[in-house]
């Protein structure tokens, strides 16, 4: 890679190369679109990689029905603006069971409404490659995962049986029913993502920016009051605080942080001083020992 490029341009070039490799090597790829900052960068890269044509794959959103309302509005707005092919899937059986993160806890909610829903969507679409925005700096199980990460016919990951990746050579061979998860942002950091969003002027949900919001203390973190489904006894304890979110997901499982960063430069400055992972606010990473790795083994992203 050209050493004269800035580090962001080098990361961009690597990610675009990976996206084009996926399009060339797989017959039915799909890109996950979860609406967060990493998904926003991935969408931007996909539009760049294949311009002036549209990306040659669909975009998949697994809807737990518990995402922040703003996330869903933002998702639909971006799909309309850019005209990409968006597939939305929810676990209907889970909806019939009225699975709730408040009543059933993060582990059951994630297993049914995220992991099982994802596997249902992948089986229904027959996708052989699934592109996601996970990064190695996020969490320890993701730190050891390959860029092209093999999955068996049950969508399971075996961390002890990963394919070597030498230089920029990727093994894309799979049998019928198997698939590969692909992570073009593997070598990016959270700071890289924010600097790139600022440099490229990429739209993001305003939840990432600090403002006064109604929050309550819940399981050791602060969650935002986003709708009437939050139990009344919790809503009664709500108070306004200046907060923002470093990561986005289901609102009952996503912790806010106190912050005064209302602009992208202020977020970048905050990141330069941060010593904690963005996923410390995600309750699904704390519901059991080795939570993320166990979820990934079962098929989670």
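We did not get these values from a lab; they are worked out from the coordinates using the rules stated. Model, not experiment: these values are computed from the prediction. Cβ sites come from the backbone with ideal geometry, for glycine too, and all protein chains shown count toward neighbours.
Regarding the chain, what is the average projected area of its C-alpha convex hull, in nm²?
15.6
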Exercise for the section: Report the label-to-label distance for residue 144 and residue 51 in nanometres (one decimal), using points 7 Å from each Cα along the Cα→Cβ vector. Expected result: 4.0
Exercise for the section: Quote to one decimal, in nm, the extra length available between residue 189 and residue 103 on full extension: 0.36 nm per residue of separation minus the C-alpha distance between them. Expected result: 27.5 nm
Completion exercise
When 218, 198, 127 are ranked with the fewest other C-beta atoms within 10 Å first, the list becomes 198, 218, 127
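Calculate how large, on average over all directions, the projected area of the Cα convex hull of region 180-219 is; give the answer in nm² to one decimal.
Averaging across all directions leaves 5.4 nm² for the Cα convex hull.
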Problem - Added length on full extension, which subtracts the Cα-Cα distance from 0.36 nm per residue, residue 163 to residue 272 - result: 35.9 nm
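If you count, for each residue, the other Cβ atoms within 10 Å and average over each peptide, how do 249-258, 88-97 line up from highest to lowest?
Output ranking for 249-258, 88-97: 249-258, 88-97.
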Exercise for the section: Find how much the distance from residue 13 to residue 228 grows on full extension, using 0.36 nm per residue of separation minus their present alpha carbon separation; answer in nm with one decimal. Expected result: 73.0 nm
Handout entry: Equivalent ellipsoid dimensions for region 204-285 as semi-axes, Å, which come from the Cα gyration tensor, largest first
Key = 22, 14, 10
Fill in the blank from the handout: antiparallel share of DSSP beta bridges within the chain, to nearest 5, in %, is 60
Completion exercise
Relative contact order in percent for region 204-285 (Cα pairs under 8 Å, 6+ apart) equals 32
Fill in the blank from the handout: Rounded to the nearest 0.05, FRET efficiency between residue 198 and residue 123 (Cβ-Cβ, R0 41 Å) equals 0.60
Problem - Ellipticity estimate at 222 nm from DSSP helix runs (n ≥ 4, -39,500 (n - 2.57)) divided over the chain, nearest 500 - result: -10000 deg cm²/dmol
Exercise for the section: Output the peptides 99-105, 167-173, 146-152 sorted from most to least packed, where packing is the average of other Cβ atoms within 10 Å over each peptide's residues. Expected result: 146-152, 99-105, 167-173
Fill in the blank from the handout: FRET efficiency (residue 262, residue 81; Cβ distance; R0 25 Å; to 0.05) is 0.55
Problem - Spin-label pair residue 209/residue 95, simplified geometry with 7 Å Cα→Cβ offset, distance in nm - result: 3.2
Completion exercise
Quick calc: nm separation of the 7 Å Cα→Cβ label points for residue 69 and residue 88 -> 1.5
